[in-house]
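Notes follow the structure.
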Protein chains: 6
Amino acid sequence: MKTSALEPTYIFSEAEAKAKSPLAAEFLDERSRLNGIVNEADNKLLKRIYNVDTNAYLEGALPAKTKELMGLVASATLRCDDCINYHVIQAWRLGCSRAEQEESINVATVVGGTIVIPHLRRAYALLQELYS
Amino acid sequence: MKTSALEPTYIFSEAEAKAKSPLAAEFLDERSRLNGIVNEADNKLLKRIYNVDTNAYLEGALPAKTKELMGLVASATLRCDDCINYHVIQAWRLGCSRAEQEESINVATVVGGTIVIPHLRRAYALLQELYS
Amino acid sequence: MKTSALEPTYIFSEAEAKAKSPLAAEFLDERSRLNGIVNEADNKLLKRIYNVDTNAYLEGALPAKTKELMGLVASATLRCDDCINYHVIQAWRLGCSRAEQEESINVATVVGGTIVIPHLRRAYALLQELYS
Amino acid sequence: MKTSALEPTYIFSEAEAKAKSPLAAEFLDERSRLNGIVNEADNKLLKRIYNVDTNAYLEGALPAKTKELMGLVASATLRCDDCINYHVIQAWRLGCSRAEQEESINVATVVGGTIVIPHLRRAYALLQELYS
Amino acid sequence: MKTSALEPTYIFSEAEAKAKSPLAAEFLDERSRLNGIVNEADNKLLKRIYNVDTNAYLEGALPAKTKELMGLVASATLRCDDCINYHVIQAWRLGCSRAEQEESINVATVVGGTIVIPHLRRAYALLQELYS
Amino acid sequence: MKTSALEPTYIFSEAEAKAKSPLAAEFLDERSRLNGIVNEADNKLLKRIYNVDTNAYLEGALPAKTKELMGLVASATLRCDDCINYHVIQAWRLGCSRAEQEESINVATVVGGTIVIPHLRRAYALLQELYS
């Protein structure tokens, strides 16, 4: 099986996410600051991991929108706030509806249990800002 | 936000999955046997959990196909062979392509790491039988 | 098996927990604020999950006190600070002794490993305030 | 805080568990065989870990029965079949009712999510044999 | 920081591991059979993940022996029998002593808790065969 | 198998770590404050757990340096910021190079997946301060 993967087309930029949502702005700025430190270190294997990561979310047999929502599901079941924030913002930038985001979080909460709820609460605060 | 959820339309029955794949047959028969024991116990709260579980995968803002693949992603990141088998079979029954299943597993493996690989190997054995 | 579940009788209110412990107050206020955002979203499936969650901790074959301590054990093994805080406060409100809380955390730490310790440290800070 | 811990009084022996349940017999025999291999290795630190483990479940501020059920909750949320089997058998040997075991598993399933269900199914098969 | 990574020098071959240990033989044969199925699928992203995985264990600032033992620690804390088997065999093939393997498992068991013990028991059965 | 375990020789003190790195200082001070609260509680079983924990990282068949890096691997795969901070500082105090720390984190990230990346970013911020 071959997969030809393509860059997704974003409807909104990161800057627009930051303009719309203070929570998104705070998260993206801190993420960007820390990624700067990681980039300086120039660790070869880590760069390949970042690269594989990018590739997993490109357009393919599944649309990028679906993959970002899957990233959200994986992040919510594994309970990582930063990862949840990132995929919520990416899915918003690709034009996913709020209902699509909520149903994705529902799948994660059913599979992952009520231990997901504290993370889901913070995700809803971000959703509220992005979709207001 | 209201979600009106609907039963998905299966292209293939469980019986067809079992006829196609010995691995599916073995898994579904054992699952059915054990669910029989659980049903006999008639635990009220557990029945509600089963019910909520069913509802999470119905047609809604997201198609049932996407939700089953999300269930696969969640199951693979949490590394549960039974859950992976179940969602692979469900997604096949709903008409998902093998490429869609593989890309879903890719997202889970990238997020969840190489610790997912032993489970992915067994998932590929099931995919091979179902999509042959 | 049928379980007739009943509302537990609290010895202390949430307000009393907040009056006794600044850590409890900070946690409960933030939880309440975020639950407000979740409630506004009015997601039907999520409401059912919240409902099932409430039911799991009602009086039954096991007393509510034991179930809250079990919630603490589950939260500590899964390493969720918010969940630990919540169950510590609930167990305190139901009249559990500090020794009972500590022994519950011990079980979680033995099963879950030293990775639980950073969370346990924060739990002890909350216990210190509630049982002072 | 000091905890004086005491050996619990078992109502049933391991032999009685094995006589009652083929699943218990198979599990306990394999566990015993492998523990023999571990004991031969005579690893000093590991022996201390086994020792701490034993101590966590002794009579204390909480009864041993409650602690074994907490061990079951922790094992079910962390999804370890062997650990679930062990604590189900221990709780049965100490005289816990089937309803108490089921409610403990309910707490674990609510907190840990539907990913616990495959393990819960196998636990119910063991419960069925032990409480028949 | 640049890392020049090199293939490690194995003291024993996979065939020698299989000749020495029936458990190793059974594991390696099944792993090889399933990897055959994965290879046939020829999933491009998955191949890159396999490739990154291989690179993580090459000689570098840390010797390959240490990295395989670290893989064992990671596998034991995440409780994956297949991954534990693989790294135990790899560490043996690179000449690690049994004491080094046991101390690595000790770190994993202390950090990861007694939930690791069922996996550790099976690892000791493999260690016993390989180091007899 | 007997292991004679010895205290490792630190090249740098905790005070030197704090002088070099504001992130280390903030972490170590908060850890020390909370450990004070835990110590006051004087929980007997918990003290034994702390004791076993200390023993796992002493000099033995493997050098203490390697064990601290293994603690880092375990902490990163289980995604615990406090534990990562602690082992990064300990490994630095024992004279591990930055490259050795990065390669350890690479193993953890490959095994544990991209869900480790947010924690890795924060670890790199600490590494940057300690190795500047």
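Only the coordinates and a few stated rules stand behind these numbers; no lab work does. This one's a predicted model, so the numbers in the text were calculated from it and none came from an experiment. Here Cβ is always computed from backbone atoms with ideal geometry, including for glycine, and neighbour counts include all displayed protein chains.
Numerical summary
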{"quantity": "Ranking of B:S32, A:S75 by count of other Cβ atoms within 10 Å, fewest first", "calculated": "B:S32, A:S75"}
{"quantity": "For segment D:21-97, projected area of the alpha-carbon convex hull averaged over all directions, nm²", "calculated": "5.8 nm²"}
{"quantity": "Copies compared at B:Q128 - label distances in nm, ascending, label defined 7 Å from Cα in the Cβ direction", "calculated": "3.3, 3.3, 4.7, 5.1, 5.8"}
{"quantity": "Shortest-first distances to equivalent copies, position C:N51, nm, label 7 Å out along Cβ", "calculated": "0.7, 5.2, 5.2, 5.2, 5.2"}
{"quantity": "For E:E7, E:E59, D:E103, F:E102, order by how many other beta-carbon atoms lie within 10 Å, fewest first", "calculated": "E:E7, E:E59, F:E102, D:E103"}
{"quantity": "Ranked list, fewest to most other Cβ atoms within 10 Å of each Cβ, for F:Y86, F:Y131", "calculated": "F:Y131, F:Y86"}
{"quantity": "Sum of side-chain charges, C:K18 neighbourhood, beta-carbon under 10 Å (Lys, Arg +1; Asp, Glu -1)", "calculated": "-3"}
{"quantity": "Average beta carbon contacts from partner chains per residue of D:79-87, 10 Å cutoff", "calculated": "3"}
{"quantity": "For E:27-40, mean number of other protein chain Cβ atoms within 10 Å", "calculated": "3"}
{"quantity": "Inter-copy separations for B:F12, label at 7 Å along Cα-Cβ, nm, ascending", "calculated": "4.0, 4.2, 4.2, 5.8, 5.8"}
{"quantity": "16 Å Cα-Cα reach of C:K65 towards lysines, excluding residues that sit fewer than 8 places from it in its own chain", "calculated": "D:K65, D:K67"}
{"quantity": "Contact order relative to length of chain E, as percent, for alpha carbon pairs under 8 angstrom and 6 or more apart", "calculated": "33 percent"}
{"quantity": "Estimated [θ] at 222 nm from DSSP helical runs (n ≥ 4, -39500 (n - 2.57)) normalised by residues in chain B, nearest 500", "calculated": "-23500 deg cm²/dmol"}
{"quantity": "Shielding by partners, peptide A:88-98 (average Cβ within 10 angstrom, other chains)", "calculated": "1"}
{"quantity": "Axis-proximal residue, chain E, for the rotation superposing E on D (Cβ, Å)", "calculated": "E:R79, 5"}
{"quantity": "Förster radius 51 Å - calculated FRET efficiency between F:S97 and E:E30, Cβ distance, rounded to 0.05", "calculated": "0.85"}
